[in-house]
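S.K.: First, the structure itself, so that you have it in front of you.
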Amino acid sequence: MLIRRRGPLSNVSLFVVQLTFHGDLDFFLKNSAARQIERQLTERTSVKDLIESCGVPHPEVDLILVDGQPVDFGHVVSKSSDVGVYPVSWNRDTFLTDNRLQILRTERFVADVHLGKLVRNLRLLGFDVAYDPTAEDRELIRLARADNPETIGPSEPSSLVKPRQGMSPSDSQASGVHSRALLTRDRRLLMHAVVSQGYYLRSQDPIEQTLEVLRRFQLSSSLAPFTRCLRCNALVEAVEKAEIVDQLEPLTKIYYEQFRRCPSCGQIYWPGSHFKKLEARIAHLRQRLIFGLCNSPKPA
């Protein structure tokens, strides 16, 4: 129960807000069977703060109705009200389509430090994912800011700099801003006020996480396998064998003729034995996108 007091209680007018969480937002509630939560308030409170006090990060919320009227996250609740909270997946194409709060589709991400395998999978599929396993929360938040400039600041870790180099046209399209959707399993990080786009990963399995991201951001038609460097995220380029032959192992020189090279970190790629394993992983993901269901275990 959220009760805020300023001054003597006798001078404060108490009001009650009833929040109802729809769709899969019960995933975030302490008691998922209880979709309705009551908050008793003694001061004006933003609807964003109210929703997040229940454990639901605002990037997971796509529609808010206060007494039946759509509002945004800045709306201030100052009287007894009924608040309906809806996820992205809730009848988006037919229900109050002009009042949605989230961008449905993006191809640019920044990933939390514990998501290295997910990052590799998304880069394998051609998506732009900024990642540094040593990055602090403030760096992740900076890259997720809606007003984040494309110029690189001196404090940016080197492996977060590399995604900026050689970006494709589709990398910079997202509605005229340069934000990245933040991928994380840290709810508090996702609740940061400056984070405009993001997703809380339900699964801890990298394959399931990859499917979650592809589905949430509607990316099944945008897969471009083997176009990005798995190490640093830059777009790779075809390169003549003669240009890199002195960097190849003896057997690679003999058996392979087609190569790609990352212009940022210099990593060289060719269709070796590992290539078939990666192709099998991509085929599995494609098949799951069409036929499979994504597991969503309850968070700790």
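S.K.: Using the Cβ atoms and a cut-off under 15 Å, what net charge is assigned to the surroundings of Gln209, where Lys and Arg are +1 and Asp and Glu are -1?
M.R.: Once all neighbours under 15 Å are counted, the net charge is +4.
S.K.: Let me ask another. Any chance you could check the Cα centroid distance between region 210-279 and region 55-121 for me, in angstrom?
M.R.: 35 Å
S.K.: Under 5 Å between amide hydrogens, which residues at least 5 positions from Val77 or on another chain qualify, with H placed 1.01 Å from N in the peptide plane?
M.R.: Thr45, Ser46, Val47
S.K.: Also: Check Ala130: other-chain or 5+ apart residues with amide H under 5 Å from its amide H, H built from backbone geometry?
M.R.: Phe109, Val110, Ala111
S.K.: Ok, one more. Where does each of Tyr256, Tyr200, Tyr131 land when they are ranked from fewest to most other beta-carbon atoms within 10 angstrom?
M.R.: Fewest to most other Cβ atoms nearby, the residues stand as Tyr256, Tyr200, Tyr131.
S.K.: Applying 1/(1 + (r/R0)^6) with R0 = 51 Å to the Cβ-Cβ distance of Glu243 and Val194, what FRET efficiency is obtained, to the nearest 0.05?
M.R.: 0.70
S.K.: What FRET efficiency do you get for Ala33 and Asn91 if R0 is 30 Å and r is their Cβ-Cβ distance, rounded to the nearest 0.05?
M.R.: 0.85
S.K.: Kindly put Glu107, Glu38 in sequence by how many other C-beta atoms sit within 10 Å of each C-beta, fewest to most.
M.R.: Lowest count first: Glu38, Glu107.
S.K.: Please give the length that would be gained between Gln40 and Val76 if that part of the chain were fully extended, namely 0.36 nm times their separation in residues minus their C-alpha to C-alpha distance (nm, one decimal).
M.R.: Gain on extension, Gln40 to Val76, equals 11.5 nm.
S.K.: I would also like to ask the following. How far apart, in nm, are two points set 7 Å out from the Cα along the Cα-to-Cβ line at Leu251 and at Arg100?
M.R.: Simple spin-label model gives 5.0 nm for this pair.
S.K.: Can you put Phe27, Phe127 in order, fewest other beta carbons within 10 Å first?
M.R.: Listing Phe27, Phe127 from fewest to most nearby Cβ atoms yields Phe27, Phe127.
S.K.: Pop out the ³J(HN,Hα) list for region 207-215 in order, Karplus 6.51 cos²θ - 1.76 cosθ + 1.60 with θ = phi - 60°, rounded to Hz; leave Gly and Pro as x.
M.R.: Computed from phi, the couplings for region 207-215 are 5, 5, 4, 4, 5, 4, 5, 4, 6 Hz.
Computed from the coordinates by the stated procedures, all read-outs in this text should not be read as laboratory data. Just so you know, these numbers come straight off a predicted model, no measurement behind them. A quick note on method: Cβ atoms are made from the backbone with ideal geometry, for glycine too, and the neighbour counts reach across all protein chains shown.
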